[in-house]
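*Asks:* My structure is below; once you've seen it, I'll send some questions.
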Amino acid sequence: MIKQDMFTHKLVAMVERQAKTNRDIFDIHFFLKNNWPINEEIIKNRTNLTTKQFFKKCINLLAEKNNKNILSGIGELLNAKQKAWTKENLLKDTIFLLKLRLQNLE
């Protein structure tokens, strides 16, 4: 699978799964941090939303989450330093990077 399709499907999966998204958030943070492209056609076809609308939905979804169980499903894959960073920063950094990407769409 090419980068933009992989990233885009992961974004949509995060929104669709809602309850179990910690691994998705971790992966999405990686894709955003490394400036992976997205496939806007996949977003449109899978969600019936524009890319801007979809990114706003992602931001709102993450803004509603808390760090209480952020390590659930991924903690066993991380070392102590990564766990500490994830608990403190993953959500807020991912939201920040999504907002940056949204600004670039406008």
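Read-outs: derived from the displayed coordinates by stated rules, not from any lab. Quick caveat: nothing in here was measured; it's all calculated off a predicted structure.
*Asks:* Please work out the Kirkwood hydrodynamic radius for the chain, using every pair of different C-alpha atoms, and report it in angstroms with one decimal place. All intermediate terms of the calculation are to be shown ahead of the outcome.
*Replies:* Details: mean 1/r = 0.0716 Å⁻¹.
Hydrodynamic radius (Kirkwood, Cα pairs) of the chain is 14.0 Å.
*Asks:* How big is the gap, in Å, between the Cα center of region 1-59 and the Cα center of region 67-104?
*Replies:* Using only Cα atoms, the two centres lie 15 Å from each other.
*Asks:* Report, ordered by chain and residue number, the lysines lying within cross-link reach of Lys52, taken as a straight Cα distance under 30 Å and ignoring same-chain residues fewer than 8 apart.
*Replies:* Cross-link targets: Lys3, Lys10, Lys20, Lys33, Lys44, Lys65, Lys68, Lys87, Lys92, Lys99.
*Asks:* Under the 0.36 nm per residue contour assumption, what length would be gained going from the current alpha-carbon distance of Asn104 and Asn67 to full extension?
*Replies:* Length gained between Asn104 and Asn67: 10.6 nm.
*Asks:* Calculate, in nm to one decimal, what Trp36 and Lys52 gain on full extension: separation in residues at 0.36 nm each, minus their alpha carbon distance. Present the calculation step by step, with values, prior to reporting the outcome.
*Replies:* Values: separation 16, 0.36 × 16 = 5.76 nm, distance 1.66 nm.
Result for the pair: 4.1 nm of gain on full extension.
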